[in-house]
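The values are calculated or read from the model by the stated rules, or taken from the named source; none is laboratory data. In this text, all values refer to a predicted model and were calculated from it rather than measured experimentally. Cβ placement follows ideal geometry from the backbone for every residue including glycine, while neighbour counts extend to all protein chains displayed. All accessible areas refer to the heavy atoms of the entire protein, side chains included, with ligands and DNA or RNA removed. Shrake-Rupley method; radii C 1.70, N 1.55, O 1.52, S 1.80 Å.
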Amino acid sequence: MQSAQGVAIVRTVALLRGMLEQWRAAGEPIALVPTMGALHAGHLSLVEEAKKRARRIVLSIFVNPTQFAPGEDFGSYPRPFARDVQSFAAAGGDLVFAPETKEVYPAGFATTILVGGPAKAGLEDKFRPDHFAGVATIVAKLFNQCRPDLAVFGEKDYQQLKVITQMVRDLDLDIAIVPVPTVRAEDGLALSSRNEYLSAEERARAPLLHAALALCRDALRQGMPLKDALVQAHDMLTNAGFVLDYFEARHAETLAPLDQEGPIRLLAAARLGNTRLIDNIGV
Ligand code: PAF
């Protein structure tokens, strides 16, 4: 095991289990913050929330190949490992679990977790059909490897949050899922590791995605018919050069289309040049 700035860096499941067993034996609650690294203030807000609820914080850093489709950015996904460890240490974390791919998916690995419900809502899954199978499988593995008391996820990936919640409920996993609100830049852009792909000119336009969601939310609160509010937001984005994958109003818990009463969540995905942005907002 290595360590840096007081943070243990663990690469194998066996070592991870050994360390966590000591903490469990000492009665110290453990929180897991699953990430793919390239930490920004959004991730650090997950760590901060975890620290309010647990004595020991484990950060997993693993760029999970099975949640990327061929042609997506698996190869170019940023991997600033030393900087990530430094940020996590400064945030008061305890252990980074950063396994190699062969530790997670050894030769002969042959199991996939397929979640239904929110994973099949026709949002991200429509454009990234195998994505949530990859996410659910890696998160289930991380949960079994760590056996944390709680795990913290950002609302930025809202459909992912609902997929994990569904999986935990359906599989009776004894882990509390803690959602954390999206952290935004001052101009409203949701923080994302992928924002660094944006050119300066695209970065200047990118906050319009949040602005369109907020405009739609405000219009709905003021009583505008749903269809008109969606068209208004859609037009705002397409006029600004975004290519929309979806901009939809869904039931905030189930992500089902709005044919019943209930809380509403607006969810959007749009491409700006070569970068795909996602965001969402509660109504
Ligand atoms: O949200 C992410 O960074 C990833 O999807 C996760 C949950 C770490 C699984 O790889």
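In table form, for the structure just shown:
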{"item": "Selection of GluC sites (Glu not before Pro), the stretch 93-155, meeting DSSP coil and at most 15 other Cβ within 10 Å", "result": "E100"}
{"item": "Of all accessible heavy-atom area on the chain, the percent that carbon and sulfur account for (1.4 Å)", "result": "52"}
{"item": "Separation of alpha-carbon centers, the stretch 131-174 and the stretch 192-207, rounded to whole Å", "result": "28"}
{"item": "Directionally averaged shadow of the stretch 169-270, computed from the convex hull of its alpha-carbon atoms, nm²", "result": "8.5"}
{"item": "Under 26 Å from the Cα of K102 - lysines, other chains or at least 8 residues apart", "result": "K141"}
{"item": "Nearest-10 value in Å² for the accessible area of K227, using the 1.4 Å probe", "result": "150"}
{"item": "All lysines inside 19 Å of K156 as judged from Cα atoms, apart from same-chain residues fewer than 8 positions distant", "result": "K120, K126"}
{"item": "Solvent-accessible heavy-atom area per residue, rounded to whole Å², over the stretch 1-135 at 1.4 Å", "result": "47"}
{"item": "Residue with peak Gaussian network fluctuation, the chain [Cα springs, cutoff 10 Å], from D245, D130, D235", "result": "D235"}
{"item": "Spin-label proximity, E48 to the stretch 149-174 - amide N less than 18 Å from point 7 Å beyond Cα toward beta carbon", "result": "152-157"}
{"item": "Of the GluC sites (Glu not before Pro) in the stretch 204-263, those whose Cβ has at most 16 other Cβ within 10 Å and which sit in DSSP loop", "result": "E253, E261"}
